[in-house]
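Just so it is clear, none of the values below were taken in a lab; they were calculated from the coordinates. Treat the numbers as computed from the prediction; the structure is a model and nothing was measured. Note that we place each Cβ from the backbone using ideal geometry, even for glycine, and neighbour counts take in every protein chain shown.
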Amino acid sequence: MKSEMVLDAKGLACPMPIVKTKKAIAGLESGQVLEIHATDKGAKNDLQAWATSGGHELIKHEEEANVLKFWIQKG
Amino acid sequence: MSVNAMSAKEVTRKLINREPLFILDVRNADAFQDWKIEGENFEHLNVPYFDLIDGVDEILGDLPTDQDILVVCAKEGSSIFVAEMLEEAGRSVSYLANGMKGWSEHLEPISLGTLNETGADRGEVVQFVRIGKGCLSYMIISEGEAVLVDATRMTDTYLDYANERGVKITHVFDTHLHADHISGGREIAEKTGATYWLPPKDATEVTFDYAALEDGVNVKVGDTQIDVHALYSPGHTIGSTSFVVDGRYLLTGDILFIDSIGRPDLAGLAEDWVGDLRNSLYKTYRELSDELIVLPAHFMIIEELNADGSVAEKLNVLLANNHGLNIEDEEVFRKMVTENLPPQPNAYQDIRETNMGKMTPDLETQREMEVGPNRCAVR
């Protein structure tokens, strides 16, 4: 999947993956996609909830060799 | 800036003492609604930490100034993050050490009193209250020996406790194959050389050796011979077994709770097992002395805790007050325990397989599997 930017949040614990995601997405244009790599298992539900409350969309997520990957489209 | 950590044990004491506490839970709304720290005088405010990244000004007005405030998240990182911002805003708060993970894993040992009062050594039953998840396990102690029933995966807690008390664990029982939490029974038996007992009807698929826990099995604890007598009482599972300890206590496993009864569906056989459940509750238990003190393997709601934090009630009180023991019509009973059941526990199939020895998930995965409240009962 095409993304404008990749954020490496691997090895970071809550709240840092979302703090960094929030910063990164602020630099994008509406409609652009941010790809996030994380290892904190709590990230999945929190990113989903955060995206929804912020008007963004979690368009895809997958797990690959213990790395959680997310694609969030800026709203 | 460092903020004050409050341990799960301190929160437990506040809960048992019915003290007030204001909980700012910064997990996402779904996680909060699914499972939270409940206490009679605990108040809650749920604001996800990701709504507070830019500052806490918006919630300052919602926080009381006249009582303790505890910030809670899943593991603790986000609660420290929020607590630090609140401290900077001039508010004094604590965060829950190790978050809900620590809350789920805390076991509070509560002595239920002595056994065999005529003996030289007064034996004792200790209830380990897993306050965050509602799981109850038991250590029966007499003259340097101890028997464990329904131990959780926090095996060090029991081993350390036995060490402190100077007792040797000789037998470890699981009343049934658990579906809501990972048993520590086998590991404790391996570490101490104790015998690990399981009901064979629940153990048809297990991958390890065990002693067959069947009706009439009797073990002695210590020289004064505290009796632990097994009583076949199926219904929650086909193998579910109760224990009568010293003729005074009835350990009911997941068959009978204080304010509810066991659910028969967690192995997928509600229709088959409802008759067994009925028989155990309405026949087997009624043939026992109603002066026995019931000690279940779970509590569901905080109201089931006694003033000292223990969960125990006389059988005759339950026979009078527990709704599940007072449904005369068998058909109504059948409907109640097979229809409108609460959601099944998180990952209960994986938990069953872990307890069978078919899976050996790492600690982090075990924690994830056990997330959430207890859901073994029907009310």
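Annotations
- Taking the helices alone, chain B has a mean residue ellipticity at 222 nm of -7000 deg cm²/dmol, built from -39,500 (n - 2.57) per DSSP H run of at least 4 residues and averaged over all its residues.
- Environment charge at B:E164 (Cβ cut-off 14 Å; Lys +1, Arg +1, Asp -1, Glu -1): -1
- On the basis of the beta-carbon distance and an R0 of 56 Å, A:M1 and B:R18 show a calculated FRET efficiency of 0.60.
- Normalised by the number of residues in chain B, the mean separation of alpha-carbon contacts (under 8 Å, six or more apart) gives a relative contact order of 13 percent.
- Residues B:D51, B:D160, B:D66, B:D180, sorted so that the one with the fewest Cβ neighbours within 10 Å comes first: B:D66, B:D160, B:D51, B:D180
- Charge tally for B:L231 (other residues, Cβ to Cβ under 13 Å; Lys, Arg +1; Asp, Glu -1): -2.
- Beyond 31 Å in Cα-Cα separation lie the following of the pairs A:K69/B:K358; A:K74/B:K75; B:K101/B:K220: B:K101/B:K220.
- Taking Cα atoms only, the orientation of helix A:43-54 departs from the longest principal axis of chain A by about 20 degrees.
- For segment B:210-306, the list of GluC sites (Glu not before Pro) that fall in a loop by DSSP and count at most 14 other C-beta atoms within 10 angstrom reads B:E214, B:E291.
- Distance between modelled label sites at A:H61 and B:F208, nm, 7 Å Cα→Cβ extension: 3.3
- Over segment A:5-73, relative contact order from alpha-carbon pairs under 8 Å, at least 6 apart, %: 35
- R0 of 25 Å, Cβ-Cβ distance A:E29-B:D57: FRET efficiency to nearest 0.05: 0.30
- Dividing the alpha-carbon radius of gyration of the protein assembly as shown by the rule-of-thumb value 2.2 N^0.38 Å gives 1.07.
- Max-minus-min Cα coordinates of chain B on each principal axis give 64, 50, 41 Å, with the largest extent listed first.
- Charge sum, other residues only, whose C-beta stays under 9 Å from A:L34's C-beta, Lys/Arg counted +1 and Asp/Glu -1: -1
- More than 21 angstrom apart: percent of Cα pairs within segment A:5-73: 11
- Each label point was placed 7 Å from the Cα along the Cα-to-Cβ direction; for B:E330 and B:E190 their separation is 4.4 nm.
- Taking a ≥ b ≥ c as the square roots of the Cα gyration tensor eigenvalues, segment B:154-232 comes out oblate, since a/c reaches at least 1.5 and a/b does not exceed b/c.
- Sparse packing (at most 16 other Cβ atoms within 10 Å of the Cβ) combined with a DSSP loop state is found for the following trypsin sites (Lys or Arg not before Pro) in segment A:8-47: A:K10.
- Placing pseudo-labels 7 Å out from each Cα toward the beta carbon at B:R165 and A:N45 gives an inter-label distance of 3.4 nm.
- Span-like helix ranges in chain B, DSSP H, alpha carbon extent 15 angstrom or more, Kyte mean at least 0.5: B:77-88
- Fraction of beta bridges assigned by DSSP in chain A that are antiparallel (%, nearest 5): 70
- Sequence-distant contacts, meaning Cα pairs under 8 Å at least 6 residues apart, place the relative contact order of segment B:4-103 at 33 percent.
- Reachable aspartates and glutamates, given that their alpha-carbon falls under 20 Å from the alpha-carbon of B:K335 and they are not under 8 places away in the same chain: B:D254, B:D259, B:D265, B:E271, B:D272, B:D276
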